[in-house]
Amino acid sequence: MPRYIVSRLGLAVVMALLATLVIFLIANTVPGDPALAQLGDLAASNPDFLKAFRAKWALDEPLWTRYFIFLKELAHGDLGMSIASQRPVLDDIKNYAPATIELATVGFLLSAVIGVPLGVIAAVRRDSWVDHVARFVSLIGVSSPTFWLAFIMLAIFYGELQIAPGPGRLDPIAFAPPNVTGLFLIDSIFAGDWNTFRDALAHLVLPSIVLAAATLGLITRTTRASVLECMHQDYVRVARAKGLSERKIVMRHILPNALIPVVTLGGLAYANLLTGAVMTETIFSWPGLGRYTFRSAAALDFPAIMGITLVVAVTYLIINLLIDISYALLDPRVIR
Amino acid sequence: MSVTAQAGVIAVDKPKSLWRRNFRRYGLPGIGAAIIVLWVLVAIFAPLLTPYTPELVDVTKRLQPPSQLHWLGTDMLGRDVLTRLIFGARISLFTGIVVVLVAAVFGTLVGGIAAYARGKTEEVVMRITDLVLCFPPIILALAIAAALGIGATNTIIAMLVVWWPKFARLARSMIIVQRSQEYVEAAVVVGYSPARILLRHIIPNSVGPLIVLVTLDVGNAIITFAGLSFLGLGVVPPTPEWGSMVSEGRELIEQWWVATFPGLAILSIVLGFNFMGDGVRDWLDPKSRRW
């Protein structure tokens, strides 16, 4: 097992570095000019200004020199400065990550807590009304454009019914809890500040439902298909022949076997939420990585884009590793 | 054997369940196909379906609620929402289908060549697909589209870069199964060229799952394109496009009709492709126990 993990980690590091190289090459072989994107028309029309700007950000060095500068700084734990925010990229990412982690985790838990039981019931009671409801919910979830669903939720629950708070992580007049983890739910518990906790939780409801919608469909679908697959295995027949209760057969014999594909898909979906909640964060003015990604991409802020790429690649690789390890826990045969 | 006999008995005993099963088999895919055909017709005959033009600005009529003159209301510039919706079907259908088809053809060829060549070629090609697949598609497409500049063509290019690897992966796994089959050995013995064996023998035999993925994926591509447009990277403004229409209406919570209807249009067309894709899967793979 340890050797397995080490070799996987080695490959992961190589892949992450290759990923930054890919983004670096894409970013530098396409026509967009970061100097023009940043400076605006007036400043960009002044050649001296342009030259100084390019020199400052090493934009006039050859391609490979710039990539090696990036790697050298990376080795020192430095992701460089963001051109747009004029701050170290690492600080920016540290600043925005907690909001995204909080939202993605709540959204993912929501979809898993509803999706797995729904999928199991749909499979066990195949063709019943539960099955049809589950199918309908998952198809709608998968087919709704996130950005539109977010708008509809805001329009109904914030605009019309006024039972949900508006965009953002807290009320505009509220103060953030003292920073420990950056996760408002946890920090406010540490501070014993229940008003802030309630406020943060209320602000999480709508965006996490929106995030959960698509993932819910995916998880329900996979769980149902996988449980149906397992229901016809010999060991289930044996369990039934032994006279076990239907409940025990499902919980102890079918579910552990059926969960393997669900864990894979669920893990990837979680990685996707952690790194790709661009739409939801934009609409709910959520100060997270998704919005930072979008703004950096729009401004052709290459240092920031490279930093995000690295974070995204590393997140994916770690989650893939965790998925593989959880296989070993769910199915002892994997290690051999 | 006993299972078939049993199923037959049930079908005879309860004609209702036979009807239900037929609905399961043909009903939803049928509805899906009908939705798609309807949107294709709307896209083709767009100018005949509305008295307005999609770019016609009339500020005196801005933000009117749905009425007899404007069935779905008007937007901030007084343009008829229904008209823009009808014309928007063109670009959504076009981009969705083009992205998936081009990606499918390219990905299948790449995956096919990799699987057939084996050895180093296969290793290198598959590591490249792994590399692309380790990014969330929307972020990579976002970065590329932003770097290339705004415009439908650039957005389609950006999406293609992200889209082909999953087809390469699927094609490779299908072809690995096929390449050890006897008919391939027979073709080699007869002396056919590798290209001919790949294109005429192996790929046609592994096309089923690819068709399923293509059908299910068009909806996905439509949503992604609309999403990029929503973020301001898809089409250049006055062009009517569903994603950018939602974006134009996203601050207008009181004037809900501006953003709601284009979103419903996206939802309906994507549901159509998903219904049909499920049907195609059941049809091509009767063993699958998915919905």
> Looking at this structure, is B:Phe230 farther than 29 Å from A:Ser285 by Cβ, among the aromatic types (Phe, Trp, Tyr) and either facing chain A (nearest Cβ under 10 Å) or without any contact (Cβ under 8 Å) to a residue 60 or more places away in the chain (or both)?
Replying inline: no
> Quick check: is even one residue across the stretch A:129-149 modelled with pLDDT of 85 or more, under 30 Å from B:Ala265 (Cβ atoms), outside any helix (DSSP H, G or I) and not hydrophobic (A, V, I, L, M, F, W, C)?
Replying inline: yes
> Quick check, is A:Leu274 over 30 Å from A:Ser85 (Cα atoms), in a helix (DSSP H, G or I), in contact (Cβ under 8 Å) with a residue 60 or more places away in the chain and in the same structural domain as A:Ile121 (by TED's automatic domain parsing)?
Replying inline: no
> Does any residue in the stretch B:48-73 that is closer than 18 Å to B:Gln255 by Cβ come within less than 7 Å, Cβ to Cβ, of a residue that is of a type in the set (Lys, Arg) six or more places away or on a different chain, and which pairs are these?
Replying inline: B:Val57/B:Arg79
> Are any residues in the stretch B:225-249 polar (S, T, N, Q) and surrounded by fewer than 24 Cβ atoms within 10 Å (Cβ to Cβ), and if so, which ones?
Replying inline: B:Thr239
>> Could you check the stretch A:313-326 and list, in sequence order, the residues that are surrounded by 18 or more Cβ atoms within 10 Å (Cβ to Cβ) and at pLDDT below 80?
In response: A:Ala313, A:Tyr316, A:Leu317, A:Asn320, A:Ile323
> Given A:Ala202, A:Ala225, A:Ala155, A:Ala176, which one is under 30 Å from B:Gly249 (Cβ atoms), more than 22 Å from the chain's Cα centre (by Cα) and surrounded by fewer than 23 Cβ atoms within 10 Å (Cβ to Cβ)?
Replying inline: A:Ala155
>> Can you list the helices (runs of 4 or more DSSP H) lying wholly within the stretch A:1-76 that have 2 or more residues being at pLDDT below 75?
In response: A:2-29, A:34-44, A:47-56
> Pick from B:Gly119, B:Gly149: which is at the interface with another protein chain (Cβ under 8 Å from one of its Cβ atoms) and surrounded by fewer than 18 Cβ atoms within 10 Å (Cβ to Cβ)?
Replying inline: B:Gly149
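Okay, residues lined up against (1) assigned to a loop (DSSP other than H, G, I, E, B); (2) surrounded by 24 or more Cβ atoms within 10 Å (Cβ to Cβ):
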site	(1), (2)
A:Val263	no, no
A:Pro287	yes, no
A:Thr293	no, yes
A:Ala304	no, yes
A:Ile308	no, yes
>> Can you go through A:Gly192, A:Gly168 and tell me which one is surrounded by fewer than 21 Cβ atoms within 10 Å (Cβ to Cβ), out of contact with any Phe, Trp or Tyr (no Cβ under 9 Å at 6 or more places or on another chain), more than 14 Å from chain B (Cβ to nearest Cβ) and at positive phi?
In response: A:Gly192
> Name the residues in the stretch B:253-262 that are surrounded by fewer than 24 Cβ atoms within 10 Å (Cβ to Cβ) and within 9 Å of chain A (Cβ to nearest Cβ), would you?
Replying inline: B:Ile253, B:Glu254, B:Trp256, B:Thr260
> Which one of A:Ile323, A:Ile308, A:Ile249, A:Ile319 is farther than 28 Å from A:Gly182 by Cα, aliphatic (A, V, I, L, M) and in contact with a helix residue (DSSP H, G or I) (Cβ under 6 Å, 6 or more places away or on another chain)?
Replying inline: A:Ile249
>> With more than 10 Å from chain B (Cβ to nearest Cβ) and within 11 Å of the chain's Cα centre (by Cα) as the only criterion, which of A:Ile319, A:Ile323 stands out?
In response: A:Ile319
> Just one of A:Ile83, A:Ile140 is touching a residue at least 24 places away in the same chain (Cβ under 8 Å), within 14 Å of another protein chain (Cβ to nearest Cβ), β-branched (Val, Ile, Thr) and in contact with a helix residue (DSSP H, G or I) (Cβ under 6 Å, 6 or more places away or on another chain); which is it?
Replying inline: A:Ile83
> If you go through the stretch A:250-263 one residue at a time, do you hit one that is within 13 Å of chain B (Cβ to nearest Cβ) and out of contact with any strand residue (DSSP E or B) (no Cβ under 6 Å at 6 or more places or on another chain)?
Replying inline: yes
> Here are A:Ala122, A:Ala99: which of them is buried (at least 20 other Cβ atoms within 10 Å of the Cβ), part of a helix (DSSP H, G or I) and touching a Pro at 6+ places or on another chain (Cβ under 7 Å)?
Replying inline: A:Ala99
> Among the candidates A:Arg169, A:Arg198, which residue alone is modelled with pLDDT under 90, within 17 Å of A:Leu103 (Cα to Cα) and not in a helix (DSSP H, G or I)?
Replying inline: A:Arg169
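Matching residues to (1) more than 30 Å from A:Gly10 (Cα to Cα); (2) in contact with a Cys (Cβ under 7 Å, 6 or more places away or on another chain); (3) among the aromatic types (Phe, Trp, Tyr):
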position	(1), (2), (3)
A:Gln233	yes, no, no
A:Ile260	no, no, no
A:Tyr270	no, no, yes
A:Met279	yes, no, no
A:Leu289	no, no, no
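The values are calculated or read from the model by the stated rules, or taken from the named source; none is laboratory data. Quantities reported herein were computed from a predicted structural model and do not represent experimental measurements. For neighbour counting, all protein chains shown are included, and Cβ atoms are generated from backbone atoms with ideal geometry for every residue, glycine included.
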